[in-house]
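Novice: First, the structure itself, so that you have it in front of you.
The values are calculated or read from the model by the stated rules, or taken from the named source; none is laboratory data. Note that the coordinates shown come from a computational prediction; the quantities given were computed from them, not determined experimentally. Here the Cβ is made from the backbone with ideal geometry for all residues, glycine too, and neighbour counts use every protein chain on show.
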Amino acid sequence: MIVIPPSTVQEKYFKAMAENSWKAATNNHKEKCETLKAENTTMVITCKIEVGGGMETNFHLHYRYFRKMLYCFVEEEEPTEIQTP
């Protein structure tokens, strides 16, 4: 898998996030992951992460096969305040 992170500062962190999310997706949604390769489509997994200072942000992991290789483009939203119920 080739991971394209939003920054190179924490490249290892984003690679681990992408690999772990993909592993969980293949365990829980095997059929969808297999059709991803066959149908040339993109699957998006969103992870909400606390970034400190009472803030959190969403990371969108876009998985897609290109030339028989799995790519993951990681998109980061702007941090927002953590909403308490």
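Novice: Of these, GLU31, GLU39, GLU11, which one is among the acidic types (Asp, Glu) and under 20 Å from ARG67 (Cβ atoms)? Step through it out loud before you land on a result.
Specialist: Numbers: GLU31 fails: under 20 Å from ARG67 (Cβ atoms); GLU11 fails: under 20 Å from ARG67 (Cβ atoms).
The unique qualifying residue is GLU39.
Novice: Ok, one more. Looking at (1) under 23 Å from ARG67 (Cα atoms); (2) in contact (Cβ under 8 Å) with a residue 12 or more places away in the chain, which one does ASN20 not meet, given that it meets all the others?
Specialist: Unmet condition: (2).
Novice: Please indicate, with yes or no, whether at least one residue in the range 14-24 is modelled with pLDDT under 90, loosely packed, with under 14 Cβ neighbours inside 10 Å, assigned to a helix (DSSP H, G or I) and at negative phi.
Specialist: To start, the set of residues in the range 14-24 that are modelled with pLDDT under 90 comprises none.
No: the range 14-24 contains no residue that is modelled with pLDDT under 90, loosely packed, with under 14 Cβ neighbours inside 10 Å, assigned to a helix (DSSP H, G or I) and at negative phi.
Novice: Next question. LEU61 - would you say it is assigned to a strand (DSSP E or B), over 10 Å from the mean Cα position of the chain (by Cα) and under 16 Å from ALA24 (Cβ atoms)? Steps first, answer last, please.
Specialist: On the way: assigned to a strand (DSSP E or B): yes; over 10 Å from the mean Cα position of the chain (by Cα): no; under 16 Å from ALA24 (Cβ atoms): yes.
Here the answer is no, as LEU61 does not meet what is asked.
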